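Below you'll find the structure, written out as structure tokens, and then a few comments.
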Amino acid sequence: PRATIFPVVGNHETHPVNLFSPPGVPPKFSTDWVYASAAKAWSRWIPPESMHNFLYAGFYDRVINPHFRVIVLNTNLCYTFNFWQMYEDKDPSGQLRWLATELQKSEDLDQKVHI
């Protein structure tokens, strides 16, 4: 098939489920391994220029053409059952700040965005 695939991290990727740590926690508590493992498996679908964000916290963007961009969010970071929200509750992993920046870039470039 000629379908375009946009992989997204699910809430059952981690063990225990639903728990996605913010960057910078001690390695024995970190869930960075999820992003590293998924990045390896999904590298053909995540653009190299977006891989840094994916490895950081599971979100990324992909420009389809000069007028259209897809933004993939990691909503697990804000999930009710993710107790790591108590550690970093306002903007987990800076994802919302990143989203605002990407949306502004898209507006400046007159791009449509699918989130």
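The values are calculated or read from the model by the stated rules, or taken from the named source; none is laboratory data. Given the structure is predicted, the values throughout are model-derived calculations rather than measurements. Cβ sites come from the backbone with ideal geometry, for glycine too, and all protein chains shown count toward neighbours.
Tell me which residues, restricted to the range 12-58, are modelled with pLDDT of 90 or more and among the small types (Gly, Ala, Ser). Scanning the range 12-58 gives 21, 30, 36, 37, 38, 39, 41, 43, 50, 57, 58.
The set of residues from the range 1-51 being exposed (fewer than 10 other Cβ atoms within 10 Å of the Cβ) and either within 13 Å of the chain's Cα centre (by Cα) or hydroxyl-bearing (Ser, Thr, Tyr) (or both) comprises just one member, 4.
Counting residues in the range 107-115 that are in contact with a Ser or Thr (Cβ under 6 Å, 6 or more places away or on another chain) and surrounded by fewer than 17 Cβ atoms within 10 Å (Cβ to Cβ) gives one or more. Here the helices (runs of 4 or more DSSP H) wholly within the range 28-115 that include at least 2 residues being out of contact with any strand residue (DSSP E or B) (no Cβ under 6 Å at 6 or more places or on another chain) and within 13 Å of residue 6 (Cα to Cα) are 32-42. Might you check whether a residue that is in contact (Cβ under 8 Å) with a residue 12 or more places away in the chain and either under 21 Å from residue 112 (Cα atoms) or in contact with an Asp or Glu (Cβ under 7 Å, 6 or more places away or on another chain) (or both) occurs anywhere in the range 78-95? Yes, because at least one residue in the range 78-95 is in contact (Cβ under 8 Å) with a residue 12 or more places away in the chain and either under 21 Å from residue 112 (Cα atoms) or in contact with an Asp or Glu (Cβ under 7 Å, 6 or more places away or on another chain) (or both).
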